[in-house]
Amino acid sequence: MVCVDSGLEVRAGVVIPETELAWRFSRSSGPGGQSVNTTDSRVELSFDVSGTTALSDVLRDRALERLRSRLVNGVLTVAASEHKSQWRNREAARTRLAALLRDAIAAPPRQRRPTKPSKGSVRRRLDDKKRRGDTKRLRSRPPSEG
(Lines give C-alpha, C1' and ligand atoms only; values in the text may rest on other atoms or scores of the structure.)
Protein backbone atom coordinates (compact mmCIF):
# COMPACT_ATOMS: atom_id res chain seq x y z
CA MET A 1 0.00 0.00 0.00
CA VAL A 2 1.29 3.41 -0.93
CA CYS A 3 -0.10 6.52 0.68
CA VAL A 4 -1.03 8.85 -2.15
CA ASP A 5 -1.55 12.57 -1.44
CA SER A 6 -5.26 12.37 -2.11
CA GLY A 7 -6.15 8.91 -0.78
CA LEU A 8 -5.45 5.26 -0.34
CA GLU A 9 -3.91 3.34 -3.25
CA VAL A 10 -5.42 -0.14 -3.38
CA ARG A 11 -3.61 -1.22 -6.55
CA ALA A 12 -2.37 0.41 -9.73
CA GLY A 13 -5.16 2.61 -11.09
CA VAL A 14 -7.45 2.22 -8.06
CA VAL A 15 -7.20 4.99 -5.46
CA ILE A 16 -9.77 5.61 -2.73
CA PRO A 17 -10.08 9.37 -2.10
CA GLU A 18 -9.49 10.48 1.48
CA THR A 19 -12.98 12.04 1.48
CA GLU A 20 -14.54 8.55 1.22
CA LEU A 21 -12.69 7.25 4.28
CA ALA A 22 -14.23 7.78 7.73
CA TRP A 23 -12.06 7.64 10.87
CA ARG A 24 -13.14 6.97 14.48
CA PHE A 25 -10.88 6.99 17.50
CA SER A 26 -11.41 5.46 20.94
CA ARG A 27 -9.46 4.20 23.89
CA SER A 28 -7.58 1.00 23.22
CA SER A 29 -7.59 -1.98 25.54
CA GLY A 30 -4.13 -2.95 24.35
CA PRO A 31 -0.66 -1.79 25.41
CA GLY A 32 -0.10 1.72 26.68
CA GLY A 33 1.00 1.71 30.30
CA GLN A 34 -0.04 4.81 32.22
CA SER A 35 -1.31 6.57 29.12
CA VAL A 36 -3.79 3.82 28.20
CA ASN A 37 -6.71 5.58 29.88
CA THR A 38 -5.98 9.00 28.44
CA THR A 39 -5.10 8.37 24.78
CA ASP A 40 -7.49 7.55 22.00
CA SER A 41 -5.15 5.14 20.23
CA ARG A 42 -7.70 2.64 18.88
CA VAL A 43 -8.59 3.38 15.26
CA GLU A 44 -11.60 2.39 13.16
CA LEU A 45 -11.47 3.07 9.44
CA SER A 46 -14.73 2.83 7.50
CA PHE A 47 -15.29 2.81 3.76
CA ASP A 48 -18.68 2.84 2.03
CA VAL A 49 -18.21 0.18 -0.65
CA SER A 50 -21.76 0.42 -1.99
CA GLY A 51 -21.66 4.20 -2.44
CA THR A 52 -18.11 4.71 -3.65
CA THR A 53 -17.19 6.48 -6.87
CA ALA A 54 -13.59 5.27 -6.76
CA LEU A 55 -14.44 1.80 -8.08
CA SER A 56 -15.96 0.96 -11.44
CA ASP A 57 -19.33 -0.81 -11.44
CA VAL A 58 -17.69 -4.18 -12.11
CA LEU A 59 -15.14 -3.78 -9.29
CA ARG A 60 -17.76 -2.44 -6.86
CA ASP A 61 -20.11 -5.38 -7.55
CA ARG A 62 -17.22 -7.83 -7.16
CA ALA A 63 -16.21 -6.23 -3.84
CA LEU A 64 -19.79 -6.20 -2.55
CA GLU A 65 -20.16 -9.88 -3.43
CA ARG A 66 -16.89 -11.02 -1.88
CA LEU A 67 -17.11 -8.84 1.25
CA ARG A 68 -20.83 -9.32 1.92
CA SER A 69 -20.21 -11.11 5.25
CA ARG A 70 -18.07 -8.18 6.51
CA LEU A 71 -20.28 -5.32 5.34
CA VAL A 72 -22.83 -3.50 7.48
CA ASN A 73 -25.23 -1.54 5.25
CA GLY A 74 -22.61 -1.58 2.49
CA VAL A 75 -19.87 -0.15 4.75
CA LEU A 76 -16.60 -1.98 5.42
CA THR A 77 -14.98 -1.20 8.79
CA VAL A 78 -11.45 -2.12 9.87
CA ALA A 79 -10.17 -1.66 13.42
CA ALA A 80 -6.57 -1.47 14.66
CA SER A 81 -5.44 -1.27 18.26
CA GLU A 82 -2.26 -3.33 18.40
CA HIS A 83 0.12 -0.36 18.69
CA LYS A 84 0.58 2.22 21.42
CA SER A 85 0.48 5.19 19.09
CA GLN A 86 -2.59 6.31 17.19
CA TRP A 87 -0.45 7.07 14.13
CA ARG A 88 0.84 3.48 13.88
CA ASN A 89 -2.69 2.16 14.34
CA ARG A 90 -3.84 4.48 11.53
CA GLU A 91 -1.16 3.01 9.25
CA ALA A 92 -2.15 -0.54 10.26
CA ALA A 93 -5.81 0.17 9.51
CA ARG A 94 -4.98 1.72 6.11
CA THR A 95 -2.80 -1.27 5.20
CA ARG A 96 -5.48 -3.74 6.31
CA LEU A 97 -8.24 -1.95 4.39
CA ALA A 98 -6.12 -1.77 1.23
CA ALA A 99 -5.31 -5.50 1.46
CA LEU A 100 -8.98 -6.42 1.96
CA LEU A 101 -10.07 -4.33 -1.00
CA ARG A 102 -7.20 -5.60 -3.17
CA ASP A 103 -8.26 -9.20 -2.55
CA ALA A 104 -11.94 -8.37 -3.05
CA ILE A 105 -11.51 -6.68 -6.44
CA ALA A 106 -8.96 -9.15 -7.81
CA ALA A 107 -9.94 -10.89 -11.03
CA PRO A 108 -11.41 -14.36 -10.56
CA PRO A 109 -9.02 -17.25 -11.21
CA ARG A 110 -8.94 -18.63 -14.72
CA GLN A 111 -11.27 -21.54 -15.40
CA ARG A 112 -9.54 -24.93 -15.50
CA ARG A 113 -9.74 -26.60 -18.87
CA PRO A 114 -10.52 -30.29 -18.37
CA THR A 115 -8.06 -32.65 -20.04
CA LYS A 116 -8.00 -36.39 -20.73
CA PRO A 117 -5.09 -38.66 -19.93
CA SER A 118 -3.13 -39.73 -23.00
CA LYS A 119 -3.62 -43.22 -24.42
CA GLY A 120 -0.04 -44.09 -23.52
CA SER A 121 -0.49 -43.08 -19.86
CA VAL A 122 -3.73 -45.10 -19.62
CA ARG A 123 -1.97 -48.14 -21.14
CA ARG A 124 1.01 -47.80 -18.76
CA ARG A 125 -1.31 -47.51 -15.75
CA LEU A 126 -3.26 -50.63 -16.73
CA ASP A 127 -0.04 -52.58 -17.42
CA ASP A 128 1.30 -51.62 -13.97
CA LYS A 129 -1.96 -52.71 -12.34
CA LYS A 130 -1.83 -56.01 -14.19
CA ARG A 131 1.81 -56.59 -13.17
CA ARG A 132 1.03 -55.76 -9.53
CA GLY A 133 -1.94 -58.14 -9.51
CA ASP A 134 0.17 -60.95 -10.98
CA THR A 135 2.83 -60.40 -8.28
CA LYS A 136 0.24 -60.60 -5.51
CA ARG A 137 -1.41 -63.67 -7.04
CA LEU A 138 1.95 -65.51 -7.16
CA ARG A 139 2.49 -64.78 -3.44
CA SER A 140 -0.69 -66.56 -2.40
CA ARG A 141 -0.82 -70.26 -1.51
CA PRO A 142 -1.68 -72.60 -4.31
CA PRO A 143 -5.20 -73.96 -4.12
CA SER A 144 -5.32 -77.17 -2.08
CA GLU A 145 -6.11 -80.30 -4.02
CA GLY A 146 -8.64 -82.42 -2.39
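Under a 5 Å amide H to amide H cut-off, with H placed in plane at 1.01 Å, what residues pair with Gly7 once short-range neighbours are removed?
Here the answer is Glu18, since their amide H atoms fall under 5 Å of that of Gly7.
Taking θ = phi - 60°, what integer Hz values does the Karplus form 6.51 cos²θ - 1.76 cosθ + 1.60 yield along segment 96-107, in sequence order, with x for Gly and Pro?
Karplus values, whole Hz, x for Gly and Pro: 5, 5, 4, 5, 4, 5, 4, 5, 6, 9, 5, 5.
How large is the accessible surface per residue of segment 83-146, computed with a 1.4 Å probe and reported in Å² as a whole number?
The answer is 92 Å² per residue.
Can you grab the distance from the C-alpha centre of segment 91-136 to the C-alpha centre of segment 47-62, Å, no decimals?
32
I'd like the Karplus ³J(HN,Hα) series for segment 120-130: coefficients 6.51, -1.76, 1.60, θ = phi - 60°, whole numbers in Hz, and an x wherever there's a Gly or Pro.
x, 5, 5, 4, 4, 4, 5, 5, 5, 4, 4
Could you work out how much longer the chain between Ala99 and Arg113 gets when fully extended? Use 0.36 nm per residue separation minus the Cα distance between them, nm to one decimal. Each step should come with its number before you reach the end.
Numbers: separation 14, 0.36 × 14 = 5.04 nm, distance 2.96 nm.
Separation in residues times 0.36 nm, less the Cα-Cα distance, equals 2.1 nm.
For the chain, what D do you get in µm² per second when you plug the Kirkwood radius from alpha-carbon pairs into Stokes-Einstein at 37 °C and 0.692 mPa s? Walk me through the numbers on the way to the answer.
On the way: Rh = 19.9 Å.
Rounded, D is 165 µm²/s.
Determine, for each peptide in 94-106, 14-26, the mean count of other beta carbons within 10 angstrom over its residues, then list the peptides with the highest first.
Descending packing order for the listed peptides: 94-106, 14-26.
The values are calculated or read from the model by the stated rules, or taken from the named source; none is laboratory data. Just so it is clear, the structure is predicted and the values come from calculations on it, not from any experiment. Note that each Cβ is placed from the backbone with ideal geometry, even for glycine, and that neighbours are counted across all protein chains shown. Protein only, heavy atoms only, side chains kept; ligands, DNA and RNA dropped before computing areas. Shrake-Rupley method; radii C 1.70, N 1.55, O 1.52, S 1.80 Å.
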